[in-house]
Amino acid sequence: MPLPVRRAVAGCALGAKCATSLPAASGACLADAADRTARRRARRSGNADDTGQTPVLLSTEPGLTRRSNRPITRWRAAGIHLGFSILVAIAVTALILLVWYPGLYYKASGADHLFVVLMSVDVVAGPLLTLILYRHGKPGLMFDLATILVLQLAALAYGLSVIVGSRPVFLVGALDRFVVVAANQIDPAEIPTDPASPYRELSLTGPRLVGFALPEDVEARNQAMFDEIAGKQAEMRPRFYRPFAESTAKLLASARTLDQLLARPAPDGTAVRVWIEGSGRRPAELRWLPLQARKRDMVMLIDAQTAQPVGMLEIAPW
């Protein structure tokens, strides 16, 4: 019996059975010996597990998937980036439209334009840069991706800071109109110093309804008028704010019926009719006053008895 065959028979798991059958030794025993040799080499190199099987190596190189070891294409990388960007955009949209700018305040305050710019940067620019710069195996790839992420987050933070600073914080019932006052329109020096004043805090959940009254003192009233001429609008000075109930009589005296709005041609008149039908109210129960805002003036509908605002219409009041 040749030496390789004798060694295979001696170490074979089939033992005596192979020793009595030379053809079996030349086949099964040699295969078993080859398998044991491969396992020993795998254990020496540290690539075998406890069962003696050689595991599939998973690449840790950036740009490779751990399951198939196939490189991620630039289109897939950009798609992943786009998916996460869309999730962030949805969260930011909900925060803006439901918390900071409820109703039509986001249009009246001009936040719709800021919102478009912010979403363009967050959803479009970031994934587009990933599509342009990503290439599997490219030197400095991780630095490029980190730079894109930092720039995208910085642009998002800046845009949100502008939107938060422009949010409406007070809805002022001022004599014959309503005025929307944004956070960055209020001079900190005009905020009341009294800790108990309800007008010290700037709302984060939509504008707070307040009344308005000029000082009774003649000298203080004249000074307020001079400040108005100098560009310091009185409605944006919290020191003149009062409880809304104190302003309802003047507001109702200046309010107008809906006949004038209903008589307007489409689309204004149509918008008024659609709102009335959807609200279930009768025109006689409503009045309206102009709504003055930073970017767009609208119509504010109020209750004919309490002067409480009940709705906004995207119609020019003048």
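Coordinate-derived values only; no laboratory data. The shown structure was predicted, so the numbers you read here are calculated from the model rather than taken from an experiment. Cβ sites come from the backbone with ideal geometry, for glycine too, and all protein chains shown count toward neighbours.
Suppose we keep only residues that are part of a helix (DSSP H, G or I) and among the hydroxyl-bearing types (S, T, Y) within segment 77-101. Which one would you say is surrounded by the fewest Cβ atoms within 10 Å (Cβ to Cβ)? Steps first, answer last, please.
Taking segment 77-101 and keeping what is part of a helix (DSSP H, G or I), we get 77-100.
Right, trim to among the hydroxyl-bearing types (S, T, Y) and you get 85, 93.
Values: S85: 21, T93: 13.
For segment 77-101, the residue satisfying everything is T93.
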- Only unsatisfied item for D194, checking (1) more than 15 Å from the chain's Cα centre (by Cα); (2) part of a helix (DSSP H, G or I); (3) closer than 27 Å to S247 by Cα, is (2)
- Message: For segment 234-265, give me each residue that is polar (S, T, N, Q), closer than 27 Å to A196 by Cα and either free of Cβ contacts under 8 Å to residues at least 40 places away in the same chain or part of a helix (DSSP H, G or I) (or both).
- Response: T248
- Note on the structure: Among (1) closer than 19 Å to R294 by Cβ; (2) touching a helix residue (DSSP H, G or I) at 6+ places or on another chain (Cβ under 6 Å), Y241 falls short only on (2)
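Conditions (1) among the aliphatic types (A, V, I, L, M); (2) under 13 Å from H81 (Cα atoms), marked per residue:
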site: V92; (1), (2): yes, no
site: L97; (1), (2): yes, no
site: W100; (1), (2): no, no
site: L114; (1), (2): yes, no
site: D122; (1), (2): no, yes
site: A125; (1), (2): yes, yes
site: G140; (1), (2): no, no
site: D144; (1), (2): no, no
site: T147; (1), (2): no, no
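Out of all the residues in segment 224-233, which are in a helix (DSSP H, G or I), surrounded by 13 or more Cβ atoms within 10 Å (Cβ to Cβ) and of a type outside the set (G, A, S)?
The first filter runs over segment 224-233 and keeps only residues in a helix (DSSP H, G or I), leaving 224-229.
Okay, now just the ones that are also surrounded by 13 or more Cβ atoms within 10 Å (Cβ to Cβ), so 224, 227-228.
If the condition is that a residue be in a helix (DSSP H, G or I), surrounded by 13 or more Cβ atoms within 10 Å (Cβ to Cβ) and of a type outside the set (G, A, S), then D227, E228 are the ones that fit.
Within segment 166-182, can one find any residue that is touching a residue at least 40 places away in the same chain (Cβ under 8 Å) and surrounded by fewer than 16 Cβ atoms within 10 Å (Cβ to Cβ)?
yes
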- Quick check, is G159 of a type outside the set (K, R) and either surrounded by fewer than 16 Cβ atoms within 10 Å (Cβ to Cβ) or at positive phi (or both)? no
